[in-house]
Amino acid sequence: MRYSKDHKAETHERIVRNASVRLRERGAAGLGVAELMKEAGLTHGGFYAHFPSRDALIGEAFIHAMELAAKRWRKRADEAPEGEGLAAVVNGYLTAAHRDDVGNGCALPALGAEVSRANPKIRKAVAAKLERMIDVIAGEISGQSKKDARREAIGALATMMGALLMARMAGTGELSDEILDAGRSAAQKADSPSEPRRRKRAAKTADAAVTEDAARRS
């Protein structure tokens, strides 16, 4: 039976979507092509009509998961009240529900280690999506230069990823909830006013200068 191009595209998308969930749940080693094709209503042999290799499917599945995350963050930030975009992203990310739903959650803490071992093409594609995720967060950090906002966004994203991974490692008990709470607090500090920090550093510098001057006079 011959299928239309739209049907093939829809089937391809469904395979990638399902693979993305399995990949986050089980890792690359647990991604079964036969199972995915059966879910799509196709035979194992039909796989190569959609993908040149298993690695190609893994790459598409990973990118799909990251793209979903970036879109989800953008939506949360856009729907948040003025000045609360970062909080909306962080608070929506570091939740017990996200911690417990690995298959539909962020791909970064679930598969970050695997990406580092992937081929250069996949790593390059992942890096491009990572840039987009950083840009979403940086766009919600106010009162700083573009360079500083980007730096703070990278720190916030690293905190979010690390906190989610730690919370999953800790299980579902009190410690896990404590880690999520601490992560939310730490990640949102990226959007705290930078001026007081500059004044504090300037005050320390001035105090040091006074102390040094007094030492020379004594």
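The values are calculated or read from the model by the stated rules, or taken from the named source; none is laboratory data. All figures in this text were calculated on a predicted structure; none of them were measured in a lab. Here the Cβ positions follow ideal geometry from the backbone for every residue, glycine too, while neighbour counts run over all protein chains shown.
A compact table of results
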{"read-out": "Segments classed as helices (runs of 4 or more DSSP H), wholly inside the stretch 77-195, with at least 1 members that are of a type in the set (A, V, I, L, M, F, W, C), closer than 24 Å to Phe62 by Cα and without any contact (Cβ under 8 Å) to a residue 12 or more places away in the chain", "value": "96-100, 107-115, 120-138, 146-170"}
{"read-out": "Test: residue in the stretch 10-17 that is modelled with pLDDT under 90 and among the hydroxyl-bearing types (Ser, Thr, Tyr)", "value": "yes"}
{"read-out": "Candidates Arg54, Arg72, Arg99, Arg123, filtered to the one that is under 17 Å from Ile15 (Cβ atoms) and among the charged types (D, E, K, R)", "value": "Arg54"}
{"read-out": "Every residue from the stretch 161-178 that is surrounded by 14 or more Cβ atoms within 10 Å (Cβ to Cβ) and among the charged types (D, E, K, R)", "value": "Arg168, Asp177"}
{"read-out": "Complete set of residues in the stretch 50-61 that are more than 27 Å from the chain's Cα centre (by Cα) and touching a residue at least 12 places away in the same chain (Cβ under 8 Å)", "value": "His50"}
{"read-out": "Only one of Ala118, Ala87, Ala80 that is out of contact with any strand residue (DSSP E or B) (no Cβ under 8 Å at 6 or more places or on another chain), among the aliphatic types (A, V, I, L, M) and under 25 Å from Ala19 (Cα atoms)", "value": "Ala118"}
{"read-out": "Residues located in the stretch 143-174, provided they are among the small types (Gly, Ala, Ser) and closer than 19 Å to Gly92 by Cβ", "value": "Ala153, Gly155, Ala156, Ala158, Gly162, Ala163, Ala167"}
{"read-out": "Residue match in the stretch 38-52 (condition: part of a loop (DSSP other than H, G, I, E, B), under 27 Å from His98 (Cα atoms) and at pLDDT below 90)", "value": "yes"}
{"read-out": "Residue within the stretch 135-151 that is more than 20 Å from His98 (Cα to Cα), modelled with pLDDT of 95 or more and under 11 Å from the mean Cα position of the chain (by Cα) present", "value": "no"}
{"read-out": "Matching residues, the stretch 92-117, being under 11 Å from the mean Cα position of the chain (by Cα), buried (at least 16 other Cβ atoms within 10 Å of the Cβ) and under 12 Å from Arg24 (Cα atoms)", "value": "Gly105, Cys106, Ala107, Leu108, Pro109, Ala110, Leu111"}
{"read-out": "Subset of the stretch 8-37 [aliphatic (A, V, I, L, M) and not in a helix (DSSP H, G or I)]", "value": "Leu31"}
